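Take a look at the structure below.
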Amino acid sequence: MYSEKVMDHFQNPRNVGEIPDADGVGLEGNPVCGDVMQIWIKVKDDRIMDAKFKTFGCGAAIATSSMVTELVKGKTLDEALQISNAAVAQALDGLPSHKMHCSNLAADALHKAIDDYRNKARGDAQAKDAGAAN
Ligand code: FES
């Protein structure tokens with residue numbers, strides 16, 4: 001059975017949508033079932049200020065996506081990278097064991113969004129350095 005928190009986040013998911021001018025985007029698919037999650041993050045001073053998601057998936061995937069967007073707001077990028085699928089499931093008061101794989105989507109998509117942000121930031125810094133050298 002699902003916990004009340006899972007049902008709440010499934011029926012009233014927080015932070016659904018896109019951030020058009022996002023600083024990082026992560027897309028992850030679940031190889032077990034083919035479900036997909038995309039997450040957008042807004043970053044300022046190394047901290048996640050906003051996060052939104054769209055998930056094409058089961059109830060557990062939607063609930064974990066919703067929860068991860070709540071968990072990351074206000075966290076530094078390093079703190080956000082520490083958020084594991086188990087931590088997301090725990091924040092929802094647990095998931096049935098056969099649905100634990102669903103929580104990988106949210107954690108993995110988040111980590112990809114952070115990587116995306118860091119890659120872009122590195123690229124911008126290199127472009128600036130190249131500009132300064134010319
Ligand atoms: Fe696909 Fe849950 S069954 S993510």
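The values are calculated or read from the model by the stated rules, or taken from the named source; none is laboratory data. Quick caveat: nothing in here was measured; it's all calculated off a predicted structure. Methodologically, a virtual Cβ is constructed for each residue, glycine included, from the backbone with ideal geometry; neighbour enumeration extends over all protein chains shown.
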List the helices (runs of 4 or more DSSP H) inside region 59-116, counting only whole elements, that have at least 2 residues being away from the ligand (no atom under 13 Å from the Cβ) and under 9 Å from the mean Cα position of the chain (by Cα). 59-72
Being of a type in the set (Asp, Glu), over 20 Å from SER84 (Cβ atoms) and crowded, with 16+ Cβ neighbours inside 10 Å, is that true of even one residue in region 14-21? no
Given the residues ASP35, ASP50, ASP93, which is the only one that is at pLDDT 95 or above and surrounded by fewer than 16 Cβ atoms within 10 Å (Cβ to Cβ)? ASP93
Exactly one of ASP23, ASP115, ASP124 is acidic (Asp, Glu) and free of Cβ contacts under 8 Å to residues at least 60 places away in the same chain, and that one is ASP124
Filtering region 33-57 down to residues that are charged (D, E, K, R), part of a strand (DSSP E or B) and closer than 13 Å to ASN104 by Cα yields none
